[in-house]
Amino acid sequence: MHVQWLRCTHFRNYDTLEILFHPRMNLFLGNNAQGKTNILEALYCLSTTRSFRMVSEDELIQFDQTAMRLEAQLMDDHGSERVALEFKKGFGKTLYFEEKKQKRLSLILGKIPMVIFSPDDLYLVKGGPGLRRKYLDAVLWQRDLSYLADLQQYERVLKQRNALLKKKETFLEKEWQVWNRTLSQAGSRVIQRRQEVVQHLERIAEHALSELTGNQEQLTLRYLASISWNGSIDQTQQLFLEKLTQAQKEERMRQITLVGPHRDDVELILNGKSIKHFGSQGQQRTVALALKLAQLTLLGEQRSHPLVLFDDVMAELDEQRQAFFLAHLQKQGQTFLTGTSKQDFKKFLGDARVFKVDAGRVALENEGSNKN
Amino acid sequence: MSEYPASFERLIFELEKLPGIGPRSAIRLAFYILKKPVEFSTSLAQALVEAKSKIHPCRNCFNLSEGALCTICQSSRRDTSLLLVVEDPSDIVAFERTHEYQGLYHVLGGVLSPLEGKGPQDLTLNALVQRLQNNSQWKEVIVATNPTVEGDSTAFYIQQQLKPFPVKVTRIARGLPSGGDVDYADESTLLKSLEGRQTL
Ligand SMILES: Nc1ncnc2c1ncn2[C@@H]1O[C@H](COP(=O)(O)OP(=O)(O)OP(=O)(O)O)[C@@H](O)[C@H]1O
Ligand SMILES: [Mg+2]
Ligand SMILES: [Zn+2]
């Protein structure tokens, strides 16, 4: 699958923008704050209906405007499809396929698989457990949408159960049983899927890491679960219920659900040592990169190659790694790179379609190679 | 600081309380009402008051009714061994449209949802248990709450409550889109979910 063209209206600093993409490699160059990341954000937004920046969604709309629209033409072996997302302040978002209004936004999910690389990936290793859970969840739902339903169900029950914990009145045992059951049911499915995918990722990420460093590395990903996977859904659910009973007193005191996959983490161990605690900045960066590469590989195994978005990452890599990425990306899907200086992309310039981004205007600088 | 005459402001104020009506729609509706002849507003106002004063929950099943019992409970042609439990009266309309289901209904008045402050005592669950206690003719209770986390939890709660009774408790199949609404489902989807029901 690749995106043939993108049209943005009143999106961020773009009044109107139309870009014809190269089917393989696209490079956006420009000074800071000109709108390079905004282009990647537009693609991400079409793919997920959300932004990857932690901001109020209204900010997606151009200053002084009340609505924005993103539209793209997707192309795969079966033909082309036009998708559009509209967002009006105060009215929410609307999704269109071939100009036809769709009933649910979630229908777009999975249509434009993508993986984003950004300098923030470092926090995948350095940051809190929430980011690692989010990473696992993104890998899982992009591979299989049914996981998203499981996850959303779990998050909804969790909200309900926390609301119940905050109620001052006496606790009705029968009501508790119900929410504990629903929570443990949905939760056990989440635990199962994450457990499985961590094993998968470990193998692939270790391979990617060795390729990146040129050394034989030993990478271990350990899923730290408050309820460990117990071989079957039923048994895991049983264990889940037991843990809930044990935690009951403390939960009621603290008024929050204390056990379940929403508290889990992934421990990253490099050659026997926790990377978060003992890794150098460089090692942490490399492992984060390996994790993202593993995501890319895993998604590519399942369906057509995902889009690859590279925001500001290339400049951080030395020549050897740039060469590695160039070789690697040849085997991947349509790629979008951003950067400030041509110098950082010497290895790419031959093949890529190059755009110059300047204060909300995008100009074509180089067509890019015709070989596919 | 009101921009409109007081009575007009009041009308907007009241209209805005309706679900799905924002300030802009409220103003649009208010202007519409104003433009129409007086018969229009008299008739609308009367309909509002009349509906509110005449319609009560059915004593038996909590369906909308003008008498003590709703038309379904009054009918002698219904299968009195089957009980279909739904969230709202609008779900009954949806099942009636299938012309397939012949049993009786029970309207819960929502689902368990601590987020909205709804516990078992806020639904007609005690009345449901009463109905099973009062009569031994029931063979099957079909729980047709929406396929949501709340609907599932409520179904499980009902199953627990009905354990002492010699009835089969079933749940409609997940033919509906997850998170979907019973009363928005088309007839054939609803029929399939009814046929594919499973013992809880
Ligand atoms: N809602 C909006 N309306 C108009 N302009 C906006 C809006 N949101 C962001 N901008 C502008 O977009 C620009 C930032 O764009 P973007 O983040 O894409 O920059 P960039 O080219 O990636 O820069 P850098 O190289 O620093 O990462 C800023 O000038 C900002 O003021
Ligand atoms: Mg940027
Ligand atoms: Zn009735």
Query raised in the report: Separation of the range A:97-119 and the range A:290-357 by C-alpha centroid, Å?
Result: 22 Å
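According to the Cα gyration tensor, what semi-axes, each the square root of 5 times an eigenvalue, does the equivalent ellipsoid of the range B:6-54 have, listed from largest to smallest in whole Å? Before the final figure, lay out the partial values.
Working: eigenvalues 69, 43, 16 Å².
One finds semi-axes of 19, 15, 9 Å for the range B:6-54.
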Query raised in the report: So how far apart, in nm, are the two label points at A:L109 and A:D144 if each is 7 Å from Cα heading toward Cβ?
Result: 1.5 nm
Report summary line: Flagged as over-length at 18 Å C-alpha distance, from A:K249/B:K163; B:K139/B:K168; B:K139/B:K192; A:K111/B:K192, the pairs are A:K249/B:K163; B:K139/B:K192; A:K111/B:K192
Report task. Return the sequence-ordered ³J(HN,Hα) values of the range A:110-127 in whole Hz as given by the Karplus equation 6.51 cos²θ - 1.76 cosθ + 1.60 applied to θ = phi - 60°, using x for Gly and Pro. Result -> x, 6, 10, x, 8, 10, 9, 9, 8, x, 5, 4, 3, 6, 4, 9, 7, x
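Using only the Cα atoms of the range A:61-117, build the gyration tensor, take square roots of its eigenvalues as a ≥ b ≥ c, and label the shape rounded, prolate or oblate: rounded if a/c is under 1.5, else prolate if a/b is larger than b/c, else oblate.
Taking the square roots of the gyration eigenvalues as a ≥ b ≥ c, the range A:61-117 is prolate.
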Requested in this report: Percent of Cα-Cα pairs per 10 Å bin, from 0 to the last occupied bin, for the range A:1-62, please list those.
Outcome: 20, 57, 23, 1
Query - Sequence-distant residues sharing a close amide H with A:S228 (under 5 Å, placed H) - result: none
Query - chain A: most fluctuating residue of A:A359, A:A290, A:A84 per GNM, C-alpha cutoff 10 Å - result: A:A359
Query - 10 °C / 1.306 mPa s Stokes-Einstein diffusion coefficient of the range B:57-199, Kirkwood radius on C-alpha pairs, µm²/s - result: 105 µm²/s
**Report entry** Cα-Cα over 27 Å, subset of A:K88/A:K342; A:K36/A:K347; A:K36/A:K276
**Finding:** A:K88/A:K342; A:K36/A:K276
Requested in this report: May I ask you to list the trypsin sites (Lys or Arg not before Pro) in the range B:1-71 that are in a DSSP loop and have at most 12 other Cβ atoms within 10 Å of their Cβ?
Outcome: B:K17
Query - Amide H within-cut-off set for B:N60, under 5 Å, with H built and near neighbours excluded - result: B:C70
Report summary line: Of all trypsin sites (Lys or Arg not before Pro) in the range A:60-113, the ones in DSSP coil with at most 15 other Cβ atoms within 10 Å are A:K89, A:K103, A:R104, A:K111
Query raised in the report: How far, in nm, would the chain grow between A:A323 and A:F171 when pulled straight, counting 0.36 nm per residue and subtracting the alpha carbon separation?
Result: 48.5 nm
Query raised in the report: When the Karplus curve 6.51 cos²θ - 1.76 cosθ + 1.60 is applied with θ = phi - 60°, which whole-Hz ³J(HN,Hα) does each residue of the range A:62-79 get, with x for Gly and Pro?
Result: 4, 3, 6, 10, 10, 8, 9, 9, 10, 9, 8, 9, 9, 9, 9, 4, 8, x
Query - Alpha-carbon centroids, the range A:215-259 and the range B:60-85: separation in whole Å - result: 47 Å
Report task. With r as the distance between the Cβ atoms of B:I21 and A:R82 and R0 = 25 Å, compute the FRET efficiency 1/(1 + (r/R0)^6) and round to 0.05. Result -> 0.15
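Can you give the direction-averaged projected area of the convex hull of the alpha-carbon atoms in the range A:239-372, in nm²?
Dividing the Cα hull surface by four gives the mean projection, 14.0 nm².
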Query raised in the report: Could you give the angle, 0 to 90 degrees to the nearest 10, between helix A:173-213's Cα long axis and the longest principal axis of the Cα atoms of chain A?
Result: 40 degrees
Report summary line: Of all DSSP beta bridges with both partners in the range B:57-199, the antiparallel percent, nearest 5, is 25 percent
Requested in this report: Report, in degrees rounded to the nearest 10, the 0 to 90 angle that the Cα long axis of helix B:6-15 makes with the longest principal axis of chain B.
Outcome: 20 degrees
**Report entry** FRET efficiency estimate (nearest 0.05) - Cβ-Cβ, A:K126 to A:Q4, R0 35 angstrom
**Finding:** 0.40
Requested in this report: Compute the distance in nm between two label points, each set 7 Å from the Cα along the Cα-to-Cβ direction, one at B:E187 and one at B:S90.
Outcome: 2.0 nm
Query raised in the report: So which residue, out of A:R12, A:R252, A:R132, gets the largest mean-square fluctuation from a GNM of chain A using Cα contacts under 10 Å as springs?
Result: A:R252
**Report entry** Point-to-point label distance, B:N134-A:R263, nm (Cα→Cβ direction, 7 Å offset)
**Finding:** 4.6 nm
**Report entry** Signed unit charges on C-beta, dipole axis of the range A:47-206, positive-most listed residue A:G92, A:S80, A:S188
**Finding:** A:S188
Query raised in the report: Going 7 Å from the Cα of B:E116 toward and past its Cβ, which residues in the range B:48-72 have a backbone nitrogen under 18 Å from where you end up?
Result: B:57, B:62-64
Query raised in the report: What size of dipole, in debye to the nearest 20, comes out for the range A:222-306 about its Cα centre when the only charges are +1 on Lys and Arg C-beta atoms and -1 on Asp and Glu C-beta atoms?
Result: 320 debye
Query raised in the report: Once you treat every alpha carbon in chain A as an equal point and sum by Debye, what is log10 I(q)/I(0) at q = 0.08, 0.09, 0.12 Å⁻¹?
Result: -0.47, -0.59, -0.99
Query - Options B:L191, B:V169, A:L6, ranked by Cα towards positive dipole end of the protein assembly as shown, top entry (Cβ charges) - result: B:V169
Query raised in the report: Rounded to the nearest 0.05, what FRET efficiency is calculated for B:T98 and B:F165 with R0 set to 30 Å and r the Cβ-Cβ distance?
Result: 0.70
Query raised in the report: When chain B is treated as a GNM, springs tying every alpha-carbon pair under 10 Å, which of B:Y157, B:Y105, B:Y32 comes out with the largest mean-square fluctuation?
Result: B:Y32
**Report entry** chain A: relative contact order in percent, alpha carbon pairs under 8 Å with at least 6 residues between
**Finding:** 25 percent
Query raised in the report: Once amide H atoms are placed 1.01 Å from N in the peptide plane, what residues at a sequence separation of 5 or more from A:M25, or on another chain, have their amide H within under 5 Å of its amide H?
Result: A:T335, A:R353
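Quick note: the coordinates plus some simple rules give every number you see, no bench work behind them. The model shown is predicted, which means the values in this text are computed figures rather than measured ones. Using ideal geometry, Cβ is built from the backbone for each residue, glycine included, and neighbour counts are taken over all protein chains shown.
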